[in-house]
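A short worksheet on the structure shown next.
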Amino acid sequence: MGSKTITAKQLEVQRIVDTLSRAIAQHRLRPGTRLIEAQIVEALQANRNHVQVALQRLALQRIVTIEPNRGALVSQPTAKEAREVFTARRAIERAIVESITPELMRRNRQRIATHMSNERKATSSTDRRAIVRELSDFHLLLGEVSDNEVLSEMLRNLMVRSSLIVALYQRNDVPSCASDEHQQIVTALEQGDRVQAVTLMLEHLDELEAQLALEEQAAPEVDLRQALADL
């Protein structure tokens, strides 16, 4: 009986974690957004204690920041953290690509084909959320195809944190991934050329990082007398 209760709680907490993570990854929740527990409870039909545990778990993953007297906020990564996330992504995604064999690609052929079709449809549309979702899901899909749950789990965390970074630092409003670059990686993996696939993936991640304005933003000097004059 006790074991079932614990399992049910764990599943419910994970549902809340997954839902909030998806909302952040799809830019539905922007960096700095206050995560008010009562609103999450209502929106997700969830138990308040479960929401609190989920927010604590997201805080451990650096996706959420919990501040005294302010509660939980969607994290706002610094430029330094952004660079470190991309360094980590290069290491993790390199390992993922290196572990994908032609046999794994054949086993997941239909799933990959379906994703690439959905990705092309999204990128030819103007639905930014769909574009962001499909382009991010490509990286997650490769993690699942690799059949390495540890690497896949690490990548899931990094991808949500990458979404926060893109929301804060992307130079323009165009999604940073390109579907044709993804297709080139798929083709190399199908042909068993993992060296080429790794090269393409690293070049792809370099390009993503290059599209970010990763300069620390200094606080502007403000004339307080002028700023407060009309208040």
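The values are calculated or read from the model by the stated rules, or taken from the named source; none is laboratory data. Since the structure is predicted, the reported quantities are computational estimates derived from the model, not experimental observations. Here the Cβ is made from the backbone with ideal geometry for all residues, glycine too, and neighbour counts use every protein chain on show.
Quick notes
- Scanning region 162-202 for residues that are surrounded by 15 or more Cβ atoms within 10 Å (Cβ to Cβ), modelled with pLDDT of 95 or more and either of a type in the set (Asp, Glu) or in contact with a Pro (Cβ under 8 Å, 6 or more places away or on another chain) (or both) yields a count of 2.
- Helices (runs of 4 or more DSSP H) completely within region 29-127 that count 1 or more residues being β-branched (Val, Ile, Thr) and under 21 Å from Leu205 (Cα atoms): 79-98, 109-123
- Of the residues making up region 64-77, one or more are surrounded by fewer than 15 Cβ atoms within 10 Å (Cβ to Cβ) and either in the same structural domain as Gln184 (by TED's automatic domain parsing) or in contact (Cβ under 8 Å) with a residue 24 or more places away in the chain (or both).
- Qualifying residue in region 12-20 (condition: surrounded by fewer than 16 Cβ atoms within 10 Å (Cβ to Cβ), touching a residue at least 12 places away in the same chain (Cβ under 8 Å), within 16 Å of the chain's Cα centre (by Cα) and not assigned by TED's automatic domain parsing to the domain that holds Glu149): yes
- Residue among Ala122, Ala82, Ala91 that is crowded, with 19+ Cβ neighbours inside 10 Å and closer than 25 Å to Glu215 by Cβ: Ala82
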